[in-house]
Amino acid sequence: MTPAHQHAGTRYWHPLLWLTIGAVLLVPVIAMRFTAEVAWDAADFAAAALLLVGGGLAFETGARLARTTGQRLAIGAAILLVVAFLWADAAVGIV
């Protein structure tokens with residue numbers, strides 16, 4: 001398989017990844033309009049954006065290095081678990 005064909009599938013998940021990250025960041029913006037329970041400030045949004053964009057970039061790097069779909073799924077699952085753990089720890093301090 002030529003390098004041009006090797007990453008042809010990335011055209012499908014690449015925009016979906018970044019749209020999902022944007023959508024996750026919009027959830028607290030919308031929630032703040034409807035409840036006082038969600039009160040994020042600029043630092044909260046910056047930390048969440050850093051965590052999510054960092055995870056997205058890590059996935060893109062890992063997915064480019066992976067040779068099979070199974071490896072990409074494993075990399076994605078590992079990164080998702082790390083991001084979820086860090087998010088939960090930042091939210092309530094589980095560690």
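Counting only residues that are of a type in the set (A, V, I, L, M) and in contact (Cβ under 8 Å) with a residue 12 or more places away in the chain, which one in segment 46-65 is farthest from residue 83 (Cα to Cα)?
63
Which residue, of 48, 39, 31, is within 11 Å of the chain's Cα centre (by Cα) and either at pLDDT 90 or above or loosely packed, with under 15 Cβ neighbours inside 10 Å (or both)?
48
Can you name the number of the only condition in (1) modelled with pLDDT under 90; (2) in contact with a helix residue (DSSP H, G or I) (Cβ under 7 Å, 6 or more places away or on another chain); (3) among the hydrophobic types (A, V, I, L, M, F, W, C); (4) in a helix (DSSP H, G or I) that residue 94 fails?
It fails just one condition, (4).
Go through segment 1-28 and give me each residue that's over 20 Å from residue 73 (Cα atoms) and either modelled with pLDDT of 90 or more or within 10 Å of the chain's Cα centre (by Cα) (or both).
22, 23, 24, 25, 26, 27, 28, listed by residue number.
Using beta carbons and a limit of 7 Å, which pairs, at least six apart or on different chains, have the first residue in segment 18-45 and closer than 19 Å to residue 90 by Cβ and the second one of a type in the set (Val, Ile, Thr)?
21/53; 28/38; 31/38; 32/38
The values are calculated or read from the model by the stated rules, or taken from the named source; none is laboratory data. These figures come from a predicted structure and were not determined experimentally. Cβ atoms come from the backbone with ideal geometry, glycine included; neighbour counts cover every protein chain shown.
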